[in-house]
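Input: a single structure, listed below in structure tokens.
Every number in this text was worked out from the coordinates using simple rules, so none of it is lab data. It should be emphasised that the depicted structure is a prediction, and the values quoted were computed from it without experimental measurement. Positions of Cβ are generated from backbone atoms using ideal geometry, with glycine treated the same way; all protein chains shown enter the neighbour counts.
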Amino acid sequence: MILEDDRKRANYSMVDPQGRFEALADRLREEGHRLTPQRVALMRLLASSDGHPSAADLYDQLRARFPTTSLATVYKTLNLLKELDEVLEMGFSHDENRYDGNRPYPHPHLICVRCRKITHPDVGAAQGLAQQVGHESGYQMISHRLDFYGICPDCQRKETEPESEVSVSSP
Ligand SMILES: [Zn+2]
Ligand SMILES: [Zn+2]
């Protein structure tokens with residue numbers, strides 16, 4: 001029992017970037033799409049990135065190696081992967097869309113409202129939630145979204161650190 005739970009958690013929280021990249025590349029090839037060097041580099045970034053980058057983040061990283069690449073090219077590949085259900089796109093009203101190329105299926109996220117960092121909470125309990133909701137409501141579940149908002153430990157530390165050496169003493 002414990003073994004099975006551990007394995008499930010390991011599958012859920014660990015992604016092998018090389019394996020994920022190969023899966024993405026195979027999928028595009030199977031669908032008859034060209035694997036240009038830019039596209040390969042973008043897929044490597046997506047496969048190895050755990051931070052849920054925006055298109056602009058990916059573009060910034062790509063531009064170093066491919067100065068002629070454009071943001072439109074990045075979006076084109078992202079949209080293609082999205083259509084193939086190989087990348088998860090998250091839209092926000094106050095922030096750019098963010099992408100998860102490691103886990104293209106619905107899963108919970110932890111979002112820091114200060115630094116906009118997006119990580120994965122270490123819980124398996126959320127996995128059964130969609131099934132349970134579907135079961136109890138009679139809905140045929142298509143997708144779900146579970147976001148936890150908060151202030152990450154790094155930002156909490158920054159906020160409690162004294163800004164300067166000057167101490168204010170009462171008169
Ligand atoms: Zn994610
Ligand atoms: Zn933060």
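Given +1 at the Cβ of Lys and Arg, -1 at the Cβ of Asp and Glu and no other charges, the dipole of segment 106-161 around its Cα centre is 200 debye to the nearest 20. For segment 34-171, what is the percent of antiparallel DSSP beta bridges, rounded to the nearest 5? If I count the DSSP bridges inside segment 34-171, around 60 percent turn out antiparallel.
Which order, highest average first, do 93-99, 42-48, 64-70, 18-24 follow once you tally other Cβ atoms within 10 Å for each residue and take the mean per peptide?
Values: 93-99: 13.7, 42-48: 20.7, 64-70: 11.4, 18-24: 15.9.
Put in order of decreasing packing, that is 42-48, 18-24, 93-99, 64-70.
Site pair Leu80 and Val133 shows an inter-label distance of 3.3 nm when each label is modelled 7 Å from Cα along Cα→Cβ.
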